[in-house]
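The values are calculated or read from the model by the stated rules, or taken from the named source; none is laboratory data. Just so it is clear, the structure is predicted and the values come from calculations on it, not from any experiment. Surface areas here come from the heavy atoms of the whole protein model, side chains and all, with no ligands, DNA or RNA. Shrake-Rupley method; radii C 1.70, N 1.55, O 1.52, S 1.80 Å.
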Amino acid sequence: MSIRVLVADDQEIVRTGLVMILDAQPDIEVVGEAADGRRAVELARRLRPDVCLFDIRMPGLDGIQATRLLAGPDVDDPLAVVVITTFDLDEYVYAALRAGARGFLLKDAGTVLLSQAVHAAADGDALIAPSVTARLLGAFADAAPASPSLPHPVEALTEREEQILVTVARGRTNSEIAGEFHISLSTVKTHIASLMAKLGARNRVEIAMWAYETRRVRN
């Protein structure tokens with residue numbers, strides 16, 4: 001079955017380009033378009049797409065607000081949101097991830113990375129590109145002192161979980177982690193599921209954010 005995607009961007013030429021790229025993929029179908037955040041939220045709630053691809057800067061509701069309404073911590077049945085931005089040090093990116101986004105892309109990321117991000121989000125995963133997302137998380141974490149209010153794990157992490165935590169924060173895929181530690185994919189998934197449970201994280205992005213904020217990883 002095709003992955004159903006909603007695209008929201010206030011620049012028509014950008015939105016049209018994204019739609020054309022996604023619709024050209026054999027297993028992706030764009031089911032809706034929006035030129036502002038309010039319309040994006042309305043369509044997302046009605047269409048329930050597998051993945052929402054949102055620009056950060058939009059009129060009405062911006063991408064952060066739209067993401068929080070659809071994927072925030074108070075949402076019972078969150079949708080998968082990937083945000084896109086023009087600037088790789090956009091001050092709103094960190095807030096978007098905090099709002100529940102599963103990852104983000106630069107608008108010049110290219111067809112392959114765009115497709116990978118959509119597939120990852122649809123699979124319940126998150127695209128954390130080492131050259132983009134991990135670097136940004138590190139930059140934002142380094143810009144502020146470590147917060148004493150960060151939640152502690154409900155149970156201490158094992159040595160292996162600490163190792164997996166760092167690799168996730170550095171943007172490694174499950175396959176890369178399996179190869180690095182000579183373990184099976186199912187074992188990797190078990191470790192990541194355990195990390196999410198212990199950290200109260202909903203996805204890999206939140207695992208990575210916790211790793212940076214607790215200084216497990218530095219830029």
Here the gain from full extension of residue 2 to residue 74, 0.36 nm per residue of separation minus their alpha-carbon distance, amounts to 23.1 nm
Whole number in Å², please: accessible area per residue of the range 5-88, 1.4 Å probe, ligands, DNA and RNA not counted. 46
Per-residue accessible area for residue 7 at 1.4 Å probe radius, Å² rounded to 10? 0
